[in-house]
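S.K.: Starting off with a structure, shown below.
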Amino acid sequence: MSATKIKNMEEFSSVSGISRPTVSKYFHDPESVRLKTREDGSLIAANDPFWDDLHATAIAAKEDPRIWLAQRQYYGDLAGNAGFSQSFGNWLTLIWSDGLEAAITDYLAS
């Protein structure tokens, strides 16, 4: 994996897709930026009736990606497919550890 060194908030904003004011606000006071905000800083309301369960499962899947695939109501028997499950776990772990851009870069290089 190769990473481009980001030198300032302008570059970080450009790479991340987060507005420059939101980036600045976060670096000066992280508590002032809600985790569920759009680029313009507006709140993104949870709009899925199963949001609480999905959110809790996503957090748990950070430690064990198999937990996400175990949601049979969405993924059926995919969790039982060893190849798919292993690949999913590898990519999700990479996304959590190195970020989405690094995972996409690695995927495109493979």
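S.K.: Would you confirm, using the coordinates I've provided, whether Ala79 is aliphatic (A, V, I, L, M) and either within 25 Å of Thr105 (Cβ to Cβ) or under 19 Å from the mean Cα position of the chain (by Cα) (or both)? Spell out how you get there, then give the answer.
M.R.: Working: aliphatic (A, V, I, L, M): yes; either within 25 Å of Thr105 (Cβ to Cβ) or under 19 Å from the mean Cα position of the chain (by Cα) (or both): no.
So Ala79 fails the test.
S.K.: Restricting attention to helices (runs of 4 or more DSSP H) lying wholly within the range 1-81, give those where 2 or more residues are touching a helix residue (DSSP H, G or I) at 6+ places or on another chain (Cβ under 7 Å) and either modelled with pLDDT under 70 or not assigned by TED's automatic domain parsing to the domain that holds Ile95 (or both).
M.R.: Once the helices (runs of 4 or more DSSP H) in the range 1-81 are filtered for at least 2 residues that are touching a helix residue (DSSP H, G or I) at 6+ places or on another chain (Cβ under 7 Å) and either modelled with pLDDT under 70 or not assigned by TED's automatic domain parsing to the domain that holds Ile95 (or both), what remains is 9-16, 20-28.
The values are calculated or read from the model by the stated rules, or taken from the named source; none is laboratory data. Quick caveat: nothing in here was measured; it's all calculated off a predicted structure. Counting neighbours? That spans all protein chains shown, and the Cβs are built from the backbone with ideal geometry, glycine included.
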